[in-house]
Amino acid sequence: MNYRIAPSILSADFARLGDEVKAVIEAGCDWIHFDVMDNHYVPNLTFGPMVCQALKPHAKTAAGVPVPIDVHLMIQPVDALAAAFAEAGADLISFHPDASGHVHRSIQAITSKGCKAGLVFNPAEPLDVLDWVIDDIDLVLIMSVNPGFGGQSFIDSALRKIEAVRQRIGASGKDIRLEVDGGIKVDNIRRVADAGADTFVAGSAIFGKPDYKGVVDAMRRALAG
Ligand code: DX5
Ligand code: ZN
């Protein structure tokens, strides 16, 4: 399995965001997870396309290989800002279907700009909509906490939902990444991978420790073990 680790810069030092992005890339992470909150869909407010654009030049390895920016939209409505993020350099853009009046149109707003599109499911949200758009998306993001804040505890029912999504992806025959977001730590990442996830967002687990590489390495060891 080709696992990906995606540090969430929600838990980074906002006064040094460019350096924080470089530091987690040096630590060996695969994607940069960018949490967009609007104080409407979720009770918190973070950053917009201008910050994404400012970070884009920093999202590459020392050898110059681009590192994907994985934008997680927790905003309502979706389409106009999704397009703005595509122009600001996002590589993948995910949104919550319950925040969009027309899910298929929101997917098109993302893919028509050349970005990969993802659907995000909250802990208590059913997967029904997935059956109707699975051929149109590149990623499913399962929330294992309620969106809005870093540092919350993993909600166990997410494991059953990840298993259900893994079955649907298998049946679709499509190459769709299965990402999980919220409460991921070194000591539970293996369990989440066993349920079927292949991409792991981690905010406080990585940025909350002084040695980012130590955490990323420990996560990779847990995934390999
Ligand atoms: C929560 C965000 C997460 C958050 C995860 O709404 O979507 O990406 O940063 O933080 P941790 O890893 O601390 O649970
Ligand atoms: Zn997120």
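The values are calculated or read from the model by the stated rules, or taken from the named source; none is laboratory data. Note that the structure is predicted; figures quoted are calculated from it, not measured. Positions of Cβ are backbone-derived with ideal geometry, glycine not excepted, and every protein chain shown enters the neighbour counts. Remember, those area values only see protein heavy atoms, side chains included, never the ligands or the DNA or RNA. Shrake-Rupley method; radii C 1.70, N 1.55, O 1.52, S 1.80 Å.
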Relative contact order (%) - the range 152-225, alpha-carbon pairs under 8 angstrom, separation at least six: 31
Cβ neighbours within 10 Å, averaged per peptide: list 53-60, 137-144, 86-93 in order, most packed at the top. 137-144, 86-93, 53-60
Relative contact order %, the range 1-109, counting alpha carbon pairs below 8 Å whose residues are six or more apart: 24
Restricting to DSSP H runs of at least four residues, report the calculated mean residue ellipticity at 222 nm for the chain, -39500 (n - 2.57) per run over all residues, nearest 500 deg cm²/dmol. -10000 deg cm²/dmol
Between ARG160 and ASP131, what is the spin-label point distance in nm, taking each point 7 Å from the Cα along the Cα→C-beta axis? 1.8
At the level of C-alpha centres, the distance separating the range 100-162 and the range 170-225, in angstrom, is 17
State the percentage of accessible surface on the chain attributable to carbon and sulfur atoms; use a 1.4 Å probe and exclude ligands, DNA and RNA. 52
If I stretch the segment between LYS213 and HIS104 completely, what's the gain in nm (0.36 nm per residue apart, minus their alpha carbon distance), one decimal? 35.4 nm
Any number yet on Rg/Rh for the range 168-225, C-alpha, Kirkwood? 1.04
Measuring from a point 7 Å past the Cα of THR111 along Cα-to-C-beta, which residues in the range 127-142 have an amide N at less than 16 Å? 129-141
Expected max-MSF residue from ASP198, ASP19, ASP181 in the GNM of the chain (alpha carbon, under 10 Å) is ASP19
With a 10 Å radius around each residue's Cβ, average the other Cβ atoms per peptide and rank 160-169, 5-14, highest first. 5-14, 160-169
If you count, for each residue, the other Cβ atoms within 10 Å and average over each peptide, how do 28-34, 101-107 line up from highest to lowest? 28-34, 101-107
Could you work out the relative contact order of the chain, using alpha carbon pairs under 8 angstrom and six or more residues apart, expressed as a whole percent? 20
So if each residue of separation counts as 0.36 nm, and I subtract the Cα-Cα distance between ASP187 and LEU45, what length gain in nm does that give? 48.2 nm
Assuming R0 = 22 Å, can you tell me the calculated FRET efficiency for the pair GLN152 and ALA224, based on Cβ-Cβ distance, to the nearest 0.05? 0.25
What the 10 Å binned alpha carbon P(r) of the range 76-164 shows, as percent of pairs per bin from 0, is 17, 47, 31, 5
With a/c under 1.5 counting as rounded, go ahead and sort the chain into rounded, prolate or oblate using the C-alpha gyration tensor (a ≥ b ≥ c being the square roots of the eigenvalues; past the cut-off, prolate if a/b is larger than b/c, else oblate). rounded
Applying the Karplus parametrisation 6.51 cos²θ - 1.76 cosθ + 1.60 with θ = phi - 60° to the phi angles of the range 126-135, what ³J(HN,Hα) value in whole Hz is obtained for each residue in order, glycine and proline being reported as x? x, 8, 3, 4, 4, 4, 9, 9, 4, 6
